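A short write-up of the structure that comes next.
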Amino acid sequence: MSTRIAVAGGTGLVGRLVVDEVRRAGATPVVVARSAGVDLTTGAGLDEALAGVDAVVDASNVETMSGKVSVAFFEAATRHLVQAGERAGVRHHVALSIVGCDVVDLPYYLGKRRQEELVTAGPVPWTIVRATQFHEFAGQLVDRSPGPFALAPRMLSQPVAAAEVAALLVAAALGEPQHATRELGGPRPERMDRLVRAELRRRGERRVVVPLPMAGAVGRQVKGGGLLPGPGATLGRQTFEEWATGA
């Protein structure tokens with residue numbers, strides 16, 4: 001009987017890749033998403049979904065710039081996942097988090113901090129994988145920008161391929177719980193406004209890139225390298241250019 005791995009947020013950007021990676025590893029994925037009849041924010045359907053599951057990979061997400069919304073989502077989703085995991089006898093809970101969420105006070109990151117607090121204090125053996133921004137982030141910034149402009153925070157990041165994040169999450173889930181946090185970043189630091197320009201060239205779009213300085217405490221935290229992986233981090237291989245060209 002193959003190992004069953006539940007993938008919370010299994011229909012999202014990383015979640016879909018995790019599901020594929022689980023299959024490649026010879027295990028059986030269980031998609032945990034509203035489209036599969038499971039609501040993480042209420043816990044509806046979770047006990048049924050986690051029955052017989054060996055490990056959980058939490059790649060769930062909420063699209064928001066509000067700290068209040070982020071905290072509310074990750075508080076509810078993580079609490080329900082951990083509690084249901086304990087009832088189901090889940091061996092290992094692996095949570096996807098973000099590099100810098102513990103030191104950079106971006107509103108969305110406050111929810112990730114709460115997620116980590118609940119996982120580390122919970123009864124299910126755990127591993128947390130913090131990843132840097134994905135290569136897709138530049139395109140998401142373009143999609144969110146109005147009219148002829150493309151807004152890009154003037155920040156230094158170290159973007160990583162989402163597929164490499166998925167591979168590390170599954171490897172972690174199949175291994176022993178570490179009760180520790182691992183970091184994964186891309187091969188090299190990049191300025192986000194330059195990546196947005198590269199994304200526009202890739203799309204063949206002529207838009208004005210507007211670099212936005214990050215002010216206040218958050219700006220100082222980012223300028224101090226808060227979004228970059230620390231010593232001992234695992235570094236991915238695929239650069240943004242390679243990802244953009246399909247290399």
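Could you list the GluC sites (Glu not before Pro) in segment 172-247 that lie in coil according to DSSP, counting only those with at most 11 other Cβ atoms within 10 Å of their Cβ?
Sparse-neighbourhood loop GluC sites (Glu not before Pro): Glu205.
With each label point set 7 Å from Cα along the Cα-Cβ vector, what nm distance links Met214 and Ala198?
1.8 nm
Quick one: if the Förster radius is 41 Å, what FRET efficiency do Val103 and Asp47 give, using the C-beta to C-beta distance and rounding to 0.05?
After rounding, the FRET efficiency stands at 0.70.
Between exposed trypsin sites (Lys or Arg not before Pro) in the chain, where DSSP calls loop and at most 12 other Cβ atoms lie within 10 Å, what's the longest gap?
My reading of the result: 1-205 is the longest stretch.
Out of the GluC sites (Glu not before Pro) in segment 1-97, which ones are loop residues according to DSSP with at most 14 other C-beta atoms within 10 Å?
Glu63
Roughly speaking, what is the centre-to-centre gap between segment 77-143 and segment 197-212 when only Cα atoms are used, to the nearest Å?
Segment 77-143 and segment 197-212 have Cα centres spaced 31 Å from each other.
Counting only other residues whose beta carbon sits under 11 Å from that of Pro123, what net charge do I get with K and R as +1, D and E as -1?
0
Starting from the residue with the highest accessible area, list Ile128, Ile98 in decreasing order, probe 1.4 Å.
On the way: Ile128 0, Ile98 25 Å².
Greatest to least solvent exposure: Ile98, Ile128.
How tilted is helix 192-203 with respect to the longest principal axis of the chain? Cα atoms for both, answer in degrees (0 to 90, nearest 10).
The answer is roughly 90 degrees.
The values are calculated or read from the model by the stated rules, or taken from the named source; none is laboratory data. Please read all numbers here as calculations on a predicted model, not as lab measurements. Reconstructed Cβ throughout: ideal geometry from the backbone, glycine too, with neighbour counts over all protein chains shown. Side chains are part of the model used for accessible areas, which takes the heavy atoms of the whole protein and leaves out ligands, DNA and RNA. Shrake-Rupley method; radii C 1.70, N 1.55, O 1.52, S 1.80 Å.
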